[in-house]
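> To start, I am sharing the structure in question, which I have written as structure tokens.
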Amino acid sequence: MIRAMTEPIENRFGLASGVWCKATQMFSFPTPEHPDNGAVSRRYPGNEMKGIFLSTKVVPRHVPLALRGGGTFVVWLKGDIMQTRIVLVGSGHLAHALFLGWQRDGAVHRTIHVLARSTRLFAELWTPEEQTHITFDPDILQTADIVVFTVKPKDMSDALSAMSPYLNRQALVLSPVAGYSLEQIRRRLPHQGLVRFMPNICSAIGASVTLFTPDGLTAAQKTMVESLIAELGPMLEVEESLINPMTALLGSGPAYVYLFMEAVIQAGEQLGVDRELTRLLVGRMIEGSARLAEHEGATPLSQLIRQVVSPGGTTEAMLNVLKKAEWGNTLTGALLEAGERAIELGQYSA
Ligand SMILES: NC(=O)C1=CN([C@@H]2O[C@H](COP(=O)(O)OP(=O)(O)OC[C@H]3O[C@@H](n4cnc5c(N)ncnc54)[C@H](O)[C@@H]3O)[C@@H](O)[C@H]2O)C=CC1
Ligand SMILES: O=C(O)[C@@H]1CCC=N1
């Protein structure tokens, strides 16, 4: 009950009187509908209430209860005061995935605009309602709090140069651009807070695994960015040197997983199983296998494989073919190639 109620907002932050504070605090107090709310604060022992939180998610009649319960900071104010303005530069595949990820659960506390250059992919990617968020006017950047450059590496230098005159000093700039370093961005934007991050398209449903490296952010800005990235799924702050290799493994990741799934689906078809059914079930099997590997963190994967193999059975028949084709080596080689490419992309984009 508590999970369902709090998870969509548990990591979001609201800006009020220049102070950031955590939304979960709003649920630290029992209410008639949620008498066990205190459990939430116990789950987040590090939370501190530092100021007034403005939320459209909290039912106003709960506020007096919250105050009676000992909270001295909780104030119900209109949601439009706390709008965070995000602009995605570029209207392609990743822009759409981030748009969906950040629009989930209503996201009433922010506005998202998409600054496009062309109408390519419009009908394919963006619904008519979503297209109302798209603009071609760079003036939109002037009031942005967060600007995310979702353009191809080859277009990044031009895009940064073209957009920099419109950026306000406080705007944070996020870049998922493969190979493009913080140093390259810094040369064009000397004064902005920067974040290089590497999500994948699973951001659309909050299931990306995203790495990020901040540069020149205040503590409050960093907290805010972490909260935003956390909405896309699990995240990890890393040294920038990890971003290129992880672009190959994680940013490109869904592609090799889907290729793998497609091959399995084709085998299923030839074995007489319906495509859609295999897709659904194999997806769950991959999810379960990943969860078990995580649960058995200390167990080598080779040992987990051995747990599946019955001598002379189906798994052995399958593994023999894959080993003969050096399938594992092929995939490793492919990912090394992708890692090299990430470095090249940065060099080409100077
Ligand atoms: N697609 C993915 O799964 C991932 C992509 N990335 C990175 O995200 C970036 C975007 O990738 P995709 O969305 O796949 O590319 P895409 O080709 O689908 O979209 C790029 C968009 O940028 C627009 N654009 C280029 N210059 C512009 C400008 N000056 N102003 C406004 N719009 C401009 C293009 O019109 C296009 O809509 C790339 O740098 C890529 O390395 C990172 C992680 C995952
Ligand atoms: O293919 C690419 O270069 C980008 C980066 C990671 C996923 N797509």
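> How large is ³J(HN,Hα), in whole Hz, for each residue of the range 117-123 in order, when computed from phi with the Karplus curve 6.51 cos²θ - 1.76 cosθ + 1.60 and θ = phi - 60°, using x for Gly and Pro?
10, 9, 9, 4, 6, 4, 5
> While we're looking at this one, here's another question. If amide hydrogens are placed 1.01 Å from N in the peptide plane, which non-local residues have theirs closer than 5 Å to the one on V148?
Close amide H contacts, sequence-distant or interchain: V87, L88, V89, L174.
> Evaluate the relative contact order of the range 83-244 (contact order divided by residue number), counting alpha-carbon pairs under 8 angstrom at least 6 apart; express in whole percent.
Computed over the range 83-244, the figure is 22 percent.
> Give me the dipole magnitude in Debye, nearest 20, for the range 83-244 about the Cα centre, with unit charges on the beta carbon: positive for Lys and Arg, negative for Asp and Glu.
With Lys and Arg at +1 and Asp and Glu at -1, about 300 debye.
> Would the range 123-245 count as rounded, prolate or oblate if I go by the C-alpha gyration tensor, calling it rounded below 1.5 in a/c and otherwise prolate when a/b exceeds b/c, oblate otherwise?
rounded
> Relative contact order of the range 125-213: what whole-number percent is it, with Cα pairs under 8 angstrom and at least 6 residues apart?
Reported as a whole number, the value is 24 percent.
> Could you please rank Y256, Y166, Y180, Y348, placing first whichever residue has the fewest other Cβ atoms within 10 Å of its Cβ?
Y348, Y256, Y166, Y180
> In debye to the nearest 20, how big a dipole does the range 253-345 give about its Cα centre with +1 on each Lys and Arg Cβ and -1 on each Asp and Glu Cβ?
220 debye
> Also, I was wondering about something else. What is the range 120-183 by shape, rounded, prolate or oblate, if you read a ≥ b ≥ c off the alpha carbon gyration tensor as root eigenvalues and call it rounded for a/c under 1.5, prolate for a/b larger than b/c, and oblate otherwise?
Oblate shape, in that a/c is at least 1.5 and b/c is the bigger or equal ratio.
> Can you give the FRET efficiency to the nearest 0.05 for V238 and N320, using r as the Cβ-Cβ distance and R₀ = 35 Å?
For V238 and N320, the calculated efficiency is 0.35.
Rule-based calculations on the coordinates, nothing more; no lab input. Predicted, not measured: the structure shown is a model, and the values here were computed from it. Note that we place each Cβ from the backbone using ideal geometry, even for glycine, and neighbour counts take in every protein chain shown.
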